[in-house]
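Student: Once you've had a glance at the structure underneath, I'll fire off some questions.
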Amino acid sequence: MAFTSARIAGCSLFRNGLHGIEVNGSCIIEHNIAHENAWRTFVAGAAGIFVSDQASRVDGNHVVASPIGVRVDGVSSVIVRNTLTYCTTPIVAVAPNTVGELISNQSSGLLELDSTNSSPWANFTGE
């Protein structure tokens, strides 16, 4: 767990018992891989990335097979440009937080970008 004002970048986290990355607030969490966290424990609320406080940035991470991809319990955080694959719930964030559009490929199996869903700040989810 990182406390306030930390930067977590370029890490790989695999099969942790609860959260892959857990921080308090005022942190930057970027360019990490969180894979199968809370694997086989099925802990309610467990996330690949968990921010418990406010004013953090979760940007450009890749979360695979976690119950919740990104969970933010505080306010005034930014969650953008993440890929969240095989997560039961891709993003859980209380209001007010800034969350990039969530674009899914689950209906067709293909990710089709067009003028209605081509935000550079989008988060992506799929099976």
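Table: residues versus (1) crowded, with 21+ Cβ neighbours inside 10 Å; (2) under 20 Å from F14 (Cα atoms); (3) polar (S, T, N, Q).
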{"position": "F50", "(1), (2), (3)": "yes, yes, no"}
{"position": "V64", "(1), (2), (3)": "no, yes, no"}
{"position": "V70", "(1), (2), (3)": "yes, yes, no"}
{"position": "V78", "(1), (2), (3)": "no, no, no"}
{"position": "A95", "(1), (2), (3)": "no, no, no"}
{"position": "T98", "(1), (2), (3)": "no, no, yes"}
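Student: Could you list all residues from segment 52-62 that are surrounded by fewer than 24 Cβ atoms within 10 Å (Cβ to Cβ) and either in contact with a Leu (Cβ under 9 Å, 6 or more places away or on another chain) or hydroxyl-bearing (S, T, Y) (or both)? Let's see the steps before the verdict.
Tutor: We begin by selecting, within segment 52-62, every residue surrounded by fewer than 24 Cβ atoms within 10 Å (Cβ to Cβ); these are 52-55, 57, 59-60, 62.
Hits for segment 52-62 are S52, H62.
Student: Could you please tell me which pairs satisfy a Cβ distance under 9 Å, a separation of 6+ or placement on different chains, a first residue in segment 61-83 that is acidic (D, E), and a second residue that is crowded, with 24+ Cβ neighbours inside 10 Å?
Tutor: D73/F50; D73/V51
Student: Right, something else. Filter segment 2-43 for residues that are within 16 Å of the chain's Cα centre (by Cα) and without any contact (Cβ under 8 Å) to a residue 24 or more places away in the chain and give the result.
Tutor: Within segment 2-43, R7, A9, G10, C11, S12, F14, N16 meet the criteria.
Student: Sticking with this one: Would a scan of segment 6-29 turn up a residue that is crowded, with 18+ Cβ neighbours inside 10 Å and under 21 Å from P120 (Cβ atoms)?
Tutor: yes
Each value in this text was obtained by applying a stated rule to the coordinates, not by laboratory testing. Worth saying up front: this structure is predicted, and the values here are computed from it rather than measured. Methodologically, a virtual Cβ is constructed for each residue, glycine included, from the backbone with ideal geometry; neighbour enumeration extends over all protein chains shown.
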